[in-house]
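See structure below.
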Amino acid sequence: MDNINQQPIVRSLLENDLYKFTMWQALLHSHPGAEAEYAFVCRNAPAYPLAELKNDVEAELDRLCTLSFAADELAYLRSLRFIKSDFVDFLSVFRFQRHFIEVTTEGEQLRVVARGPLVHVMAFEIFVLYIINELYFRRLPQDDSILATARQRLADKIALVRNDPELRGPDETFTFVDFGLRRRYSGAWHEEVVGTLARELPEHFPGTSNVYLAKQFNLVPIGTMAHEYLQAFQAFGFRLRDFQKASLEAWVQEFRGDLGIALTDVVGMDAFLADFDLYFAKLFDGLRHDSGDPVVWAEKAIAHYQKLNIDPMSKRLVFSDALDLPRSIALYKRFLGRIPTSYGIGTNLTNDTPHQALNIVMKITSCNGQPVAKLSDSPGKTLCEDQTFLAYLRQVFSHPEVKS
C-alpha cells in the first residue's frame, strides 16, 4: 500500500473524459479568446477535512503541469473522425500552466480555483477531481477487505446483467458505459473495473468516457457536451434567452452530425424543450438526462418528439444522473419499445467500496467577467455565486427554485 500511495495519480493527459476534448475543440474554434473561472466544491461531508490534502494536491498539480501528450496518444485522437487535425496540432504543444490554478484552504475546506483563458483552464477540471478523490481515499483504511468487497460488488453487477434474459432482444440490447473517472476510488481500480466489464459483458458494455482506457481496451470513447459548454454561451454576447439555441447551433456547425446527444438540464427540461424545435430535434440524435426525475424527463422527451411528428424510436435517450445498474435496468424495461435508451454509470461503478464516496465537482462560475449558472431540476445541484444573476436567470426562463 505504501508503494501505491507514492505513485503519481495522473498517468496521462489522455486520461480525461471525452466530452472535455470535444468541448475543448468546439470552444477553441468558436471562442478562443474567452476567459473563465472554475471552482471546486465538495457537496457532502468527508471523513476528514479535505484541507489536509492541500500540500499533496499542490504537488500533483505541479507534476500535471510537466506532462504532454505522447505521439501515440495524439495519433489515437487524430483517428477519431470528429476530432479535427488542427486541434490535435494544438494539443501537441499544449502544456498546463501552474499559475492559472490556485489551491488554498478556508478552515477545514479545500479551495481550488482555476482562472485564465477558457481553453486552458477548462481542461483542469477532471484532473483536479480525480487527484483529490484518489488522495482522499489513500488516507482512509486500505486493508484487503476494501477491494475484496468492491470486487464482489462488481461480480454481483455482472451477474445481474448476465442472468436477465430481458436485457437481450432482437431489436434492442441493454447497454451501459463507464462515466466514473471524476470520482473513482483509484486509477488502478478504475482500470480493473473497465477491463473486467469489457471482458465479461462485451455486448452490454461498449465504451467508457475515459479516453485513456478506451484506447487501452479498444472500447468506444463516449461523450458529447457538459453543462460548462452551454453555460459559457450565457456570457458570449447573445441575448440570455437565446444562449441555448446559440450553443446548440455552434455544436452542429462544429461537428456536422457527429456527437449528436444534447444535454437538457442547464436551465431545466421545460426551458430546453422550448428551444429544441423541429430543426434541432431532427439534427440531434437524442438527449441526455442529468437531473430531476428520469421518468418524468423521458416522458416529456417522448411527448416532444411526438408533437414534432418525429418517431421516438429514431432517437435515443441517455441517462447519467447518479445511476446504478438496478435503476438503469428498470428504466430500460420501462421505455423498451418506446424509445432507445443507454446509460452512463459513474461512481457506482468505479467507487462502490465500503467507504462513502465523495460528491465533488469543479464547475465554471464565470466567463468573460460575467457570472454563469446552471438551474438544476434536482436539489443541491444549482451552483452560482451571484444570487442576483441566478434570480435573473430563473426569471428569464420561468424556472422554479428547487429547494435542497
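So for segment 52-59 (the condition being in contact with a Ser or Thr (Cβ under 8 Å, 6 or more places away or on another chain), touching a residue at least 60 places away in the same chain (Cβ under 8 Å), within 15 Å of Phe124 (Cα to Cα) and not charged (D, E, K, R)), does at least one residue qualify?
Just the residues of segment 52-59 that are in contact with a Ser or Thr (Cβ under 8 Å, 6 or more places away or on another chain), to begin with: 54.
Now drop any that are not touching a residue at least 60 places away in the same chain (Cβ under 8 Å), which leaves none.
No: zero hits.
Quick one: would you say Arg139 is of a type in the set (Lys, Arg) and over 22 Å from the mean Cα position of the chain (by Cα)? Yes, satisfied.
Conditions tested, residue by residue: (1) of a type outside the set (A, V, I, L, M, F, W, C); (2) outside the structural domain of Leu197 (by TED's automatic domain parsing); (3) at negative phi.
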{"site": "Lys315", "(1), (2), (3)": "yes, no, yes"}
{"site": "Phe319", "(1), (2), (3)": "no, no, yes"}
{"site": "Ala322", "(1), (2), (3)": "no, no, no"}
{"site": "Phe335", "(1), (2), (3)": "no, no, yes"}
{"site": "Arg338", "(1), (2), (3)": "yes, no, yes"}
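Could you say which residue among Asp156, Asp171, Asp143 is within 18 Å of Phe205 (Cβ to Cβ) and loosely packed, with under 13 Cβ neighbours inside 10 Å? Asp156 is the lone residue from the list that is within 18 Å of Phe205 (Cβ to Cβ) and loosely packed, with under 13 Cβ neighbours inside 10 Å.
The single condition among (1) assigned by TED's automatic domain parsing to the domain that holds Gly369; (2) in contact (Cβ under 8 Å) with a residue 40 or more places away in the chain; (3) among the charged types (D, E, K, R) that Arg98 does not satisfy is (2). Of all residues in segment 69-82, those being over 19 Å from Phe217 (Cβ atoms), surrounded by 15 or more Cβ atoms within 10 Å (Cβ to Cβ) and in contact (Cβ under 8 Å) with a residue 24 or more places away in the chain number 2. Looking at segment 137-146, can you tell me whether even one residue there is touching a strand residue (DSSP E or B) at 6+ places or on another chain (Cβ under 7 Å), assigned to a loop (DSSP other than H, G, I, E, B) and within 30 Å of Ile364 (Cβ to Cβ)? No, segment 137-146 contains no residue that is touching a strand residue (DSSP E or B) at 6+ places or on another chain (Cβ under 7 Å), assigned to a loop (DSSP other than H, G, I, E, B) and within 30 Å of Ile364 (Cβ to Cβ). When segment 6-43 is filtered for residues that are part of a strand (DSSP E or B) and in contact with a helix residue (DSSP H, G or I) (Cβ under 9 Å, 6 or more places away or on another chain), the ones remaining, listed by number, are Asp17, Glu35, Ala36, Glu37, Tyr38, Phe40, Cys42. Looking only at residues of segment 208-255 that are part of a helix (DSSP H, G or I) and within 13 Å of the chain's Cα centre (by Cα), we find that the one that is surrounded by the most Cβ atoms within 10 Å (Cβ to Cβ) is Val211.
Listed by position, the helices (runs of 4 or more DSSP H) inside segment 256-358 whose residues that are over 19 Å from Lys374 (Cβ atoms) number at least 3 are 278-283, 294-307, 325-335, 347-350. Gly346 satisfies every condition listed in (1) out of contact with any helix residue (DSSP H, G or I) (no Cβ under 8 Å at 6 or more places or on another chain); (2) surrounded by 21 or more Cβ atoms within 10 Å (Cβ to Cβ); (3) modelled with pLDDT under 95 except (3).
Results for (1) more than 20 Å from the chain's Cα centre (by Cα); (2) not assigned by TED's automatic domain parsing to the domain that holds Ala330, shown as yes or no for each residue.
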{"residue": "Val88", "(1), (2)": "yes, yes"}
{"residue": "Glu108", "(1), (2)": "yes, yes"}
{"residue": "Arg111", "(1), (2)": "yes, yes"}
{"residue": "Asp164", "(1), (2)": "yes, no"}
{"residue": "His190", "(1), (2)": "no, no"}
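Of the residues making up segment 223-235, at least one is more than 26 Å from Gly369 (Cα to Cα), small (Gly, Ala, Ser) and touching a helix residue (DSSP H, G or I) at 6+ places or on another chain (Cβ under 9 Å).
Screening Asp56 with (1) closer than 27 Å to Val119 by Cβ; (2) more than 17 Å from the chain's Cα centre (by Cα); (3) of a type in the set (D, E, K, R) gives one miss only, at (1).
Has segment 378-399 got at least one residue that is assigned to a strand (DSSP E or B), surrounded by 13 or more Cβ atoms within 10 Å (Cβ to Cβ) and at pLDDT 95 or above?
No: zero hits.
Being in contact with a Ser or Thr (Cβ under 7 Å, 6 or more places away or on another chain) and not in a loop (DSSP other than H, G, I, E, B) is the filter here, so list the residues in segment 169-185 that pass it.
Phe176, Val177, Asp178
The values are calculated or read from the model by the stated rules, or taken from the named source; none is laboratory data. Keep in mind it's a predicted model, so treat the numbers as computed, not measured. Note: ideal-geometry Cβ built from the backbone for every residue, glycine included; neighbour counts use all protein chains shown.
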